[in-house]
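Colleague: The structure follows.
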Amino acid sequence: MLAGALALGLLAQGWAPGTAAKDEAAKERATLASVTVKAVGGADTAAFDGVVEAVRQTVIAAQVPGAVVALEVKAGDSVKPGQVLARLDARAALQTASAGDAQVRAARAEFEVATREVERQRQLFAKQYISQGALDRAEAQFKATQAQVAAQLAQAGASRTQSGFYVLTAPYAGVVAEVSVVLGDMAMPGRALMTVYDPAALRVTAPVPQSAAARLATGDTAKGTRIELSGLPAERQSQTPTRITVLPTADPATHTVPVRFDLAAGLGVGLGVTPGMFARVWLPVDDATDLRIYVPAQSVVRRAEMTGVYVLDPSGKPVLRQVRLGRTAGQSVEVLAGVSSGERVATDPQAAARFGKAGQ
């Protein structure tokens, strides 16, 4: 009875279960350290995400149907020009080629007989033993046999050429990037079997806003352009492109222009740069018009594949938000996307995570 009366008294005073915990969480959020994000100018470069590509990358496909009976390479192997990559079942093609060779031999035998026969007919005509009509018929038979031999030779050559389609070879020195089949698979014309690329010539392709692409085309921002390859050792991450190519196309949805930045030769051979790697392109920009957002480096949260910061909502509750980061400047890091100017970011991610759970 006493406990019930106490509970009724507390409810009469405005107390409810969980109210104390929520009030405590609110007090903790009020003391949560945070900074207000502001857009600042004066940046001398702008970052654009790109991807590493091979200048020469070839998809190896079959020209004829056939079962895969041998795979001579695997993904990651280096190959030389003309090296055998795979073999298809060519038994039927080889038999057809053998039949063509036999027909060529038979046609040549008939041609030898026709050659001797026309020579005899010419001698007989010279002695006036046969008429002009008989000689003409012999000449026609000789030419027909000669044409038949040529046709059989061409057909046999086509059969031999087609039998060569069952052996797939490397078009140039490179690296096998992918093998898309296994032994026993049926290869069909046009079906990709494997991919080979040349590691000696790589480039970075990045979508660049039209205004920046226009300056690149005129050479205004070619100087000072650099490529950041985060997969390389720290001392080799920054690379200077050897050539910049602005493609004459634009994406109507994003209003960006694809730009190619050729990398120095040897990066794919000595340092392990491969197609598909992430790259960041830094281009000089106009200081007066470029605004950047920076947050304290200590406020960044990295969890597996996710990078984010805790942003305080209007009630002061920390909410984890995914962001895309740019370059680091001292104790601050640039935020390319995910946070807007004027928002508050918690500087202590661990405390923000605790407060966020306490408020749930």
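Colleague: Which residues, counting only those in the range 105-137, are over 30 Å from Gln155 (Cα atoms) and either in contact with a strand residue (DSSP E or B) (Cβ under 6 Å, 6 or more places away or on another chain) or not aliphatic (A, V, I, L, M) (or both)?
Modeller: Arg120, Gln121, Arg122, Gln123, Phe125, Lys127, Gln128, Tyr129, Ser131, Gln132, Gly133 - these are the residues of the range 105-137 that are over 30 Å from Gln155 (Cα atoms) and either in contact with a strand residue (DSSP E or B) (Cβ under 6 Å, 6 or more places away or on another chain) or not aliphatic (A, V, I, L, M) (or both).
Colleague: Something else now. Do you know which of the residues in the range 132-182 that are in a helix (DSSP H, G or I) and among the acidic types (Asp, Glu) is farthest from Val59 (Cα to Cα)?
Modeller: Asp136
Colleague: Okay, moving on. Go over the candidates Pro252, Pro207, Pro241 one by one and state the one that is free of Cβ contacts under 8 Å to residues at least 12 places away in the same chain and not assigned by TED's automatic domain parsing to the domain that holds Glu72.
Modeller: Answer to the check: Pro252.
Colleague: Name the residues in the range 291-320 that are under 12 Å from Ala352 (Cβ atoms) and more than 32 Å from the chain's Cα centre (by Cα), would you?
Modeller: Gln298, Ser299, Tyr310, Val311, Leu312, Asp313, Gly316, Lys317, Pro318, Val319
Colleague: What are the pairs, 6+ residues apart or on separate chains, where a residue within the range 310-335 that is outside any strand (DSSP E or B) has its Cβ under 6 Å from a residue that is crowded, with 16+ Cβ neighbours inside 10 Å and of a type in the set (Gly, Ala, Ser)?
Modeller: Once the first residue is outside any strand (DSSP E or B) and sits in the range 310-335, its partners that are crowded, with 16+ Cβ neighbours inside 10 Å and of a type in the set (Gly, Ala, Ser) give Lys317/Gly359; Val323/Gly308; Val323/Gly338.
Colleague: So if I check each of Arg91, Arg105, Arg87, which one is without any contact (Cβ under 8 Å) to a residue 40 or more places away in the chain and within 39 Å of the chain's Cα centre (by Cα)?
Modeller: The match here is Arg91.
Colleague: Please determine whether any residue of the range 200-222 is at pLDDT 80 or above, within 19 Å of the chain's Cα centre (by Cα), surrounded by 14 or more Cβ atoms within 10 Å (Cβ to Cβ) and within 30 Å of Arg87 (Cβ to Cβ).
Modeller: The answer is yes; a qualifying residue exists.
Colleague: Listed residues Val259, Val295, Val246, Val269; which is surrounded by 13 or more Cβ atoms within 10 Å (Cβ to Cβ) and more than 22 Å from Val204 (Cβ to Cβ)?
Modeller: Going through Val259, Val295, Val246, Val269 in turn, just one is surrounded by 13 or more Cβ atoms within 10 Å (Cβ to Cβ) and more than 22 Å from Val204 (Cβ to Cβ): Val295.
Colleague: Next question. Among the residues of the range 317-339, which ones are on the phi > 0 side of the Ramachandran plot and either surrounded by fewer than 16 Cβ atoms within 10 Å (Cβ to Cβ) or of a type outside the set (Gly, Ala, Ser) (or both)?
Modeller: Gly330
Colleague: While we're on this one: Could you list, ordered by first residue, the pairs with Cβ atoms under 7 Å in which the first is in the range 169-192 and hydroxyl-bearing (Ser, Thr, Tyr) and surrounded by 14 or more Cβ atoms within 10 Å (Cβ to Cβ) and the second is modelled with pLDDT of 90 or more and not in a loop (DSSP other than H, G, I, E, B), at least 6 apart or interchain?
Modeller: Thr169/Val84; Thr169/Leu85; Ser180/Ala192; Ser180/Leu193; Ser180/Met194
Colleague: Another one. Kindly provide the set of residues from the range 223-238 that are closer than 14 Å to Thr205 by Cα and polar (S, T, N, Q), ordered by number.
Modeller: Thr225
The values are calculated or read from the model by the stated rules, or taken from the named source; none is laboratory data. For clarity, every value in this text was computed on a predicted model and none was experimentally measured. As a convention, Cβ positions derive from the backbone with ideal geometry for all residues, glycine included, and neighbour counts pool all protein chains shown.
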